[in-house]
Amino acid sequence: MLDTTHFPKAKKYWLMGKLYPWSERPLHPMVHALHYGTSVFEGIRAYGTSSGPKIFRLPEHVERFFVSADVVKMKVPYTPEEVTAAIKQTVRENEMESCYIRPLFYYAYGNLGLIPKASPVELVIAAWEWGSYMGETAVNGIRVYLGPWRRTHHSQVDMRAKLGGAYVQSTISGLEARAIGADEALFLNIEGRIAEGPGENLFVVKNGVIRTNALSESILEGITRTSILEIARDLGIKTEIGPISTGDLTGADEAFFTGTAVEVIPIIQLIDGSDRNTPRRETVIGQGKPGPVSLRLRQAYLDIVRGKNPKYEKWLSPLD
Ligand SMILES: Cc1ncc(COP(=O)(O)O)c(C=O)c1O
């Protein structure tokens, strides 16, 4: 049996139309994606609601999944409808109230030249219970590390895509952040402004207005980011899309990350290590504790994903 400490409650995964017991491993080590990161993925969550588990913004995730596959020129053997059905089946079969869902298209076994000319595209879907991404205390606010590595620029890679290989940069910076005692990393873009976290978008709050940056700042267009912008407008909170400098962040009243995994997490401190030639600088953001706008949006988001706000039922897909 495989150790499932980090995959709680995972029973089965879906691979090319068949469900496998979690501990079974049918993949060959010469799978193309294992060597070159030639895979694309999604991170999706299902939440328990009063009428059973529902998947948050599933059509949007499936759409982005196919955009990603297109960026790596994949000839995908399934339609979006089939992928949607397979995701729902995987969640049903694992019998969980709430879970994290990971679909992955990858160039599979066939050849190992960089061009996957004989490697077919395969699909795997897994689901497991994944609580708070950065631990239960993250809601009290996290410390982020602005490291020296600049985020890959949108002129270098198509940032609409969640490309497996592109995430090596996120892993390295995430490890470096933890090595210096921070909770998460943060990237500058090539222009020297703030881009995003390794798996999160950034918002700053100033005088009651929330601001996040545009896609031209080298970020992934997060589905949580889009959702928070819509929720904020509905709550009468003014929103802005525009560049965020380091000074905008350190001078903000509040800041928070958004993402499927982290949901909405307040940021209370910046550790700036972006200049290799000067010592790291620590700055408290706002009052050094989660602020009222972040907490209000976090609660509104959590209510919506759990089906407690009928207006947003449109964002929840039942398992059928
Ligand atoms: C690099 C990056 N930015 C932002 C996000 C947030 O995106 P979403 O809200 O769609 O999960 C993610 C997570 O998928 C990500 O990997």
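Cα to Cα, under 19 Å, and not fewer than 8 places away if on the same chain: which lysines meet these conditions relative to LYS308? Here the lysines satisfying the reach criterion relative to LYS308 are LYS54. Each other residue within a Cβ distance under 14 Å of ILE219 adds +1 if Lys or Arg and -1 if Asp or Glu, for a net charge of +2.
The distance linking the stretch 55-100 with the stretch 252-314 is 27 Å (Cα centroid to Cα centroid, whole angstrom).
The alpha carbon centroids of the stretch 2-34 and the stretch 116-189 are separated by 21 Å. Please name which of PRO21, LEU58, GLY307 has its Cα lying farthest along the dipole of the chain towards the positive end, using unit charges on Cβ (Lys, Arg +1; Asp, Glu -1) and the Cα centre as origin. Working it through, the farthest residue towards the positive pole turns out to be PRO21.
Taken about its Cα centre, the chain carries a charge dipole of roughly 120 debye when the Cβ of each Lys and Arg holds +1 and the Cβ of each Asp and Glu holds -1.
Computed over the stretch 68-197, relative contact order equals 22 percent, with contacts defined as Cα pairs under 8 Å that lie 6+ residues apart. Starting from the Cα of LYS88, draw a straight line to each of the aspartates and glutamates and keep only those under 19 Å, dropping any in the same chain fewer than 8 residues away. Excluding near neighbours in sequence, the set is GLU42, GLU60, GLU63, GLU97, GLU122, GLU129, GLU313, ASP320. Using the Cβ-Cβ distance between GLU313 and TRP149 with R0 = 25 Å, the FRET efficiency computed as 1/(1 + (r/R0)^6) comes to roughly 0.05.
Remark on ILE267: its backbone amide H falls under 5 Å from those of ILE142, ALA255, PHE256, PHE257, a criterion applied only to residues 5 or more positions apart or on other chains, H modelled at 1.01 Å from N.
Taking every C-alpha pair closer than 8 Å and separated by at least 6 residues, the mean separation divided by the residue count of the stretch 12-128 gives a relative contact order of 37 percent. Every helix of 4 or more DSSP H residues in the chain counts as -39500 (n - 2.57), and over all residues that averages to -7500 deg cm²/dmol at 222 nm.
Cβ-Cβ distance of SER216 and HIS28, R₀ of 51 Å, FRET efficiency by 1/(1 + (r/R0)^6): the value works out to about 0.80. The charge dipole of the stretch 72-198, taken about the Cα centre with unit charges on the Cβ atoms of Lys, Arg (+1) and Asp, Glu (-1), comes to about 580 debye, rounded to the nearest 20.
Readers should treat all values here as calculations from the given coordinates under stated rules, not as data from a laboratory. Quantities reported herein were computed from a predicted structural model and do not represent experimental measurements. Neighbour counts are summed over all protein chains in view; Cβ atoms, including those assigned to glycine, are modelled from backbone coordinates with ideal geometry.
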